[in-house]
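J.: Supplied in C-alpha cells, the structure appears directly below.
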Amino acid sequence: MNREEVNWLLQTIKNAKNAERFVLAQYERGRISSQVMADVARERGWINHRANRFSTRQSTQYASTDLPIAIAC
C-alpha cells in the first residue's frame, strides 16, 4: 500500500486511536513500509518527537554495540 491508499482508508476511521492502531498493524504485517507509516504519522500529528513510540519498539535491540563509532565533524 502507498501513502495515498492508506490515507484513503483512514478517511473511514473516525477515531484517531483506531486509525493509529490500523496503521501500526499494517506496518507490523508488512503491508506498508516504514516510510509510509512515518509519512502518515507525521501528516496526522501522531509523532511525539520526545518519545516516538513507532521507533522505540525495536530501539533496545540495537542499543549497544562493540564496534567503535566515528563521527565526522
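J.: In segment 27-49, what count of residues is obtained for those that are among the acidic types (Asp, Glu) and surrounded by 14 or more Cβ atoms within 10 Å (Cβ to Cβ)?
T.: Residues flagged as among the acidic types (Asp, Glu) and surrounded by 14 or more Cβ atoms within 10 Å (Cβ to Cβ) within segment 27-49 amount to 1.
J.: Report whether or not Asn48 is of a type in the set (S, T, N, Q), at pLDDT 50 or above and not in a helix (DSSP H, G or I).
T.: Working: of a type in the set (S, T, N, Q): yes; at pLDDT 50 or above: yes; not in a helix (DSSP H, G or I): yes.
So Asn48 fits the description; yes.
J.: Under 9 Å between Cβ atoms, which residue pairs at least 6 apart in sequence (or on different chains) link something in segment 9-28 that is free of Cβ contacts under 8 Å to residues at least 24 places away in the same chain with a partner that is outside any helix (DSSP H, G or I) and of a type in the set (Val, Ile, Thr)?
T.: Listed by first residue and then by second, the contacts come to Phe22/Ile13; Val23/Ile32.
The values are calculated or read from the model by the stated rules, or taken from the named source; none is laboratory data. The structure presented is a predicted model; accordingly, all values stated were derived computationally and were not measured. A quick note on method: Cβ atoms are made from the backbone with ideal geometry, for glycine too, and the neighbour counts reach across all protein chains shown.
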